[in-house]
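Below is one structure, written out as structure tokens; comments come after it.
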Amino acid sequence: MLEDTKTTTTSSGRYTLITGSSVLLDEFKGKEAQGEVKNFPLGVILSVTTGILLPCGNRPFIYNLYDILGWMTQQELSTIGLLPASEVCKPELLRQLPHLKEVDFTSASFRLASRVWKIKNWESWLNSLEKKYGAQHPVQAF
């Protein structure tokens with residue numbers, strides 16, 4: 001049950017972070033990290049911007065979400081905090097990397113496995129996107 005929302009203005013715009021009694025998120029402060037960037041794999045960034053969790057590297061994809069969303073918000077997030085943080089970070093990622101707005105999923109086919117939609121040909125699909133856009137992208141924290 002959601003109890004309240006907190007709206008915060010950062011240098012990048014105004015964002016609302018949804019909090020509740022079971023969500024142990026700090027008040028969204030977003031440290032200004034001007035000029036501070038960290039590189040992230042394209043698959044990790046697309047997991048946030050598309051909502052489709054893409055495998056990337058040898059780690060379980062959930063850890064990649066902790067990395068990028070924690071970096072951007074400058075918070076240590078709990079699992080339940082990933083969705084609200086991704087909703088805050090998605091528009092900021094697309095602002096920083098506007099060319100990723102044109103990513104097209106029509107060439108990817110999906111299948112239902114273990115109640116989760118997965119991309120059948122995700123490796124070739126992601127490889128073609130990496131050739132077009134690059135494998136790594138710098139992401140600035142709020």
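Within the stretch 108-142, the set of residues being of a type in the set (A, V, I, L, M) and at pLDDT 85 or above comprises 126, 129, 135, 139, 141. For the stretch 61-73, the condition of being modelled with pLDDT under 80 and touching a Lys or Arg at 6+ places or on another chain (Cβ under 7 Å) holds for none of the residues.
If you go through the stretch 87-97 and keep only what is surrounded by fewer than 17 Cβ atoms within 10 Å (Cβ to Cβ) and acidic (Asp, Glu), you end up with just 87.
Entry remark, the stretch 38-61: residues being farther than 13 Å from residue 137 by Cα and either assigned to a loop (DSSP other than H, G, I, E, B) or small (Gly, Ala, Ser) (or both) number 11 in total. Selection of the stretch 70-86 for residues being in contact with a strand residue (DSSP E or B) (Cβ under 8 Å, 6 or more places away or on another chain) and surrounded by fewer than 20 Cβ atoms within 10 Å (Cβ to Cβ) yields only 71.
Looking at this structure, is residue 22 among the small types (Gly, Ala, Ser), within 26 Å of residue 103 (Cα to Cα) and modelled with pLDDT under 90?
When the stated conditions are applied, residue 22 does not pass them.
The values are calculated or read from the model by the stated rules, or taken from the named source; none is laboratory data. Computed from a predicted structure; not experimentally measured. Cβ: placed from backbone, ideal geometry, glycine included. Neighbour counts: every protein chain shown.
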